[in-house]
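Where a number appears in this text, it was derived from the coordinates with a stated rule and is not lab data. Just so it is clear, the structure is predicted and the values come from calculations on it, not from any experiment. Ideal geometry is used to build each Cβ from the backbone, glycine not excepted, and the neighbour counts take in all protein chains shown.
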Amino acid sequence: MAAKGGCIVCQIASGSIPSKKVYEDDFALAVLDVNGANPGHCFVLPKNHYPILEQVPDIEIGNLFNIANRVSTAIFESLGAQGTNIFVANGLPAGQTVAHFIINVIPRKENDGINLQWQPRQLSEEEMSTVELKVKEQVKNIGHFETEKKTPKAYAPKQAVLSDEEDEYFSKQLRRLP
């Protein structure tokens, strides 16, 4: 999809509106949010114009979330974050303010004043069953959730050997786990 002239995110992606880029490749961009929830709040976005998640091709979604994961790691390492929220506001009722798909990566620290909590709603067993059936009916044809069968391999895979750099990265990630 081509960039939309009136889309502020497309204008950022094309460089016609300046931004603080923290990552860029041919298809995606990560920029600091000028009105971020916390210092280091980043947007990860496709350079092509897709208004909502459902319109982004699967291959791009995978790449975008991989970038969001790497940006989150960079935020932990560089800013000393204690956690991150990684989320998508998908549609106006979900809080999307610009019609361009964006992944938010928000650095978090204890007692930072950001509230992303909601009041749980207890559904009756009948309501849960109704919702389950409706959603299950819609997703039954999107993939191989119910029909895919894993066949065991006839051989054992080779044990991966990590380089010192990969081992250090892995160790840092494990220290982040609660």
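Sort Tyr50, Tyr23 so the one with the fewest other Cβ atoms within 10 Å of its own Cβ comes first. Kindly include the intermediate steps, with their values, before the conclusion.
Working: Tyr50 20, Tyr23 15.
So the residues, fewest neighbours to most, are Tyr23, Tyr50.
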Return one quarter of the surface area of the convex hull spanned by the alpha-carbon atoms of segment 8-108, equal to its mean projected area, in nm². 5.9 nm²
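Arrange Phe101, Phe76 by Cβ neighbour counts within 10 Å, fewest through most, would you? Write down the numbers at each step before the final one.
Working: Phe101 25, Phe76 19.
Least crowded to most crowded, the residues run Phe76, Phe101.
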Between Thr84 and residues 5 or more places away or on another chain, the pairs with built amide H atoms under 5 Å apart involve Arg108
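Which of the peptides 68-74, 24-30, 53-59 is most tightly packed, and how do the rest follow, going by the mean number of other Cβ atoms within 10 Å of each residue?
Numbers: 68-74: 18.6, 24-30: 15.7, 53-59: 12.3.
My ranking of the peptides, most packed first, is 68-74, 24-30, 53-59.
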Treat every Asp and Glu Cβ in segment 1-98 as -1 and every Lys and Arg Cβ as +1, leave all other atoms uncharged, and give the resulting dipole magnitude about the Cα centre to the nearest 20 debye. 240 debye
Take the Cα radius of gyration of segment 27-80 and divide it by 2.2 N^0.38 Å, with N its residue count; two decimals is plenty. 1.20
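So what's the net charge close to Glu60: Lys and Arg +1, Asp and Glu -1, counting the other residues with Cβ under 15 Å from its Cβ? Please report the intermediate quantities before stating the final value.
Details: positive: Lys47; negative: Glu24, Asp25, Asp26, Glu54, Asp58.
Value of the local net charge: -4.
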